[in-house]
Amino acid sequence: MKLVEAAVRPAVEEDFPALSTVMADAFVARPIGAWLVPDVAERPALLHRYAHLVLTHGFEHGQVDTTDDLAAVTVWYRRLEPAPPAATWMYDLDRLLGPHAPRFALLHAYVDAVLPHTPHHHLAHVAARPGQGGAARALLVSHHLRLDAEGLPAYTEISSTRPREDLFAWLGYEPRSPILLEPGGPALWRMWRPQPGERLPGGLPRRVRLHRSATPFRGRVAAAAAPRFP
């Protein structure tokens, strides 16, 4: 990973075409991209559409940061209260992705079901151009400085085979039990970065069981049972 000093700034709408490509290319390169869109031929275009939607939603409801050279992008949400209903988000998925929307909606259902119940910032997405991991690191470090000043923890999900050796672990995140995407998807490790001085995982349960009853239905997701927190 190339470590660089990158100038961090909020993204503007004019950046979205370039940043959508950065994010879509990252999705294509990860196992989750193949799970979201099994069809190889359709995958790049659909993931690019999804990436643009992610950026638009983050710009309207959260915080989208990038670097001056648009080498990396992060999408954060300030979760001081429970997240609002996702009805509009699901409508947009259905509108933009058509018959492919249920798999994306299922991903969001899994993730939303296990969001921490303590105030935190949620890193929903991070992506960088190949060889520009240093730019992604600069974005994360910049946001973490603000979180530390406010005394807030951070949470994210990563697809990694070694979560204790990942960049996020180096930045102070602690792995918890993974989200297992069904059917046949990769594991998403839930990562928790405690607030300064916090020794315990706070509002993030160590173990989560999700029933396999969160299923797509006509472009939406209906969760038949709530997650259990031991």
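Only the coordinates and a few stated rules stand behind these numbers; no lab work does. None of these values were measured; they are calculated from a predicted model. Here the Cβ positions follow ideal geometry from the backbone for every residue, glycine too, while neighbour counts run over all protein chains shown.
Per-residue extension of 0.36 nm, minus the Cα-Cα distance of residue 141 and residue 95, leaves a gain of 13.0 nm for this segment. Between residue 12 and residue 177, the modelled labels are 4.7 nm apart [label points 7 Å from Cα along Cα→Cβ]. The calculated FRET efficiency for residue 81 paired with residue 42, based on their beta-carbon distance and R0 = 30 Å, is about 0.20. Restriction of the GluC sites (Glu not before Pro) in segment 1-74 to DSSP coil positions whose beta-carbon has at most 10 other beta-carbons within 10 angstrom yields 5. Potential lengthening of the chain between residue 195 and residue 112 amounts to 27.7 nm, from the contour at 0.36 nm per residue minus the alpha-carbon distance.
With each label modelled as a point 7 angstrom along the Cα→C-beta vector, the residue 161-residue 61 pair spans 3.5 nm.
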